[in-house]
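Visitor: I have a structure I would like to understand better, so I am pasting it below and will then ask my questions one at a time.
The values are calculated or read from the model by the stated rules, or taken from the named source; none is laboratory data. Model, not experiment: these values are computed from the prediction. Because the Cβ atoms are built from the backbone with ideal geometry, glycine has one as well, and the counts that use them run over all protein chains shown. Side chains included, ligands, DNA and RNA excluded: accessible areas come from the protein's heavy atoms. Shrake-Rupley method; radii C 1.70, N 1.55, O 1.52, S 1.80 Å.
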Amino acid sequence: QVQLVESGGGLVQPGGSLRLSCAASVSTPSVFSMSSMAWYRQPPEKEREFVAAIRWSDGNTYYEHTNQGRFTISRDTSKNTVYLQMDSLKLEDTAVYYCHTDGTGAAGQGEDYWGQGTQVTVSS
């Protein structure tokens, strides 16, 4: 069982910055091998969309192309935490931001988990 807890959301003006954090708590570390962590977001009245991901083993990063250059994903493996630094925020970045992780369970089965989401509102 993996629990993801996001934090860092809030209200920010256009052009401002926010840093989201997501801490992964694994109840039994030996039975879950994390492959990656990622951020998704769901704007009001729209579908959930991919924002960025980071491969846990080597830190390779992947971005939705419109976010690259403004958003930076990073990780702290000692804390099982992933971060999303968001700069030059725009009105259209307003959304609920969700943390996601995927990996392998004890029997080799694929598993994935979602956080509860954190609201980011960009408004003047």
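Visitor: Could you tell me the convex hull volume per residue, in Å³, taken over the Cα atoms of the range 1-76? Please report the intermediate quantities before stating the final value.
Guide: Values: hull volume 9.2 nm³, N = 76.
Expressed per residue, the convex hull around the Cα atoms of the range 1-76 is 121 Å³.
Visitor: Would you kindly derive the ³J(HN,Hα) couplings of the range 47-52 from the backbone phi angles with the Karplus curve 6.51 cos²θ - 1.76 cosθ + 1.60 (θ = phi - 60°), listing them in order in whole Hz, with x for Gly and Pro?
Guide: With the stated coefficients, the range 47-52 comes to 6, 5, 9, 6, 10, 6 Hz.
Visitor: Sort 36-44, 54-62 by packing, meaning the average of other beta carbons within 10 Å per residue, with the highest value first. The partial results should precede the final answer.
Guide: Working: 36-44: 19.3, 54-62: 14.0.
For the peptides 36-44, 54-62, the packing ranking is 36-44, 54-62.
Visitor: Another question, if that's okay. Just to confirm a number: summing +1 for Lys and Arg and -1 for Asp and Glu over residues other than Gln119 whose beta-carbon lies under 12 angstrom from that of Gln119, what do you get? Show your work: numbers first, answer last.
Guide: Values: positive: Arg41; negative: Glu6, Asp93.
Summing Lys/Arg as +1 and Asp/Glu as -1 gives -1.
Visitor: For the chain, what is the charge dipole size about the Cα centre, in debye to the nearest 20, if Lys and Arg each add +1 at the Cβ and Asp and Glu each add -1 at the Cβ? Intermediate values should be presented prior to the final figure.
Guide: Working: 9 positive and 13 negative charges, 52 e Å.
With Lys and Arg at +1 and Asp and Glu at -1, about 240 debye.
Visitor: Continuing with this model, one more query. Mean-square fluctuation check for the chain, GNM, Cα pairs under 10 Å: which of Thr72, Thr104, Thr94 is largest?
Guide: Of Thr72, Thr104, Thr94, the Gaussian network model singles out Thr104 as fluctuating most.
Visitor: Still on this structure, I have one more. Counting only heavy atoms of the protein chains, get the accessible area per residue of the chain (1.4 Å probe) and round it to a whole Å² value.
Guide: Computed with neighbouring chains in place, this is 52 Å² per residue.
Visitor: Tell me, what ³J(HN,Hα) does each residue in the range 84-94 have, in order and in whole Hz, if you take phi through Karplus 6.51 cos²θ - 1.76 cosθ + 1.60 with θ = phi - 60° and put x for Gly and Pro?
Guide: Once rounded to whole Hz, the list reads 10, 8, 10, 10, 6, 5, 10, 3, 6, 7, 4.
Visitor: Still on this structure: Just the number, please: carbon plus sulfur as a percent of the accessible area of the range 10-124, 1.4 Å probe, no ligands or DNA/RNA counted.
Guide: Values: 2730 of 5970 Å².
Within the range 10-124, the accessible surface is 46 percent carbon and sulfur.
Visitor: Can you give the FRET efficiency for Ser124 and Phe50, using 1/(1 + (r/R0)^6), R0 = 30 Å, r = Cβ-Cβ distance, to the nearest 0.05? Don't skip to the end; give the middle numbers.
Guide: Numbers: r = 27 Å, r/R0 = 0.90.
Once the sixth-power term is evaluated, E becomes 0.65.
Visitor: What list of ³J(HN,Hα) couplings, whole Hz, do you get for the range 59-67 from phi and the Karplus terms 6.51, -1.76, 1.60, once you set θ to phi - 60° and write x for glycine and proline?
Guide: For the range 59-67, the Karplus curve yields x, 4, 10, 9, 10, 5, 4, 6, 8 Hz.
Visitor: Given 20 °C and 1.002 mPa s, how large is the Stokes-Einstein diffusion coefficient of the range 31-73 in µm²/s, with Rh as the Kirkwood radius over Cα pairs? If you can, show how the numbers build up before the last one.
Guide: On the way: Rh = 11.4 Å.
My calculation gives 187 µm²/s for D.
Visitor: Right, next: Non-local amide H neighbours of Gly16 (under 5 Å, H modeled in plane, Pro and chain starts lacking H): which ones?
Guide: For Gly16, whose amide H was placed from the backbone, the distant partners under 5 Å are Leu89.
Visitor: Turning to a different aspect of this structure: Let me check against my output: what whole-number percent is the relative contact order of the chain, with C-alpha pairs under 8 Å and at least 6 apart? All intermediate terms of the calculation are to be shown ahead of the outcome.
Guide: Values: 308 pairs, mean separation 44.3, N = 124.
Rounded, it is 36 percent for the chain.
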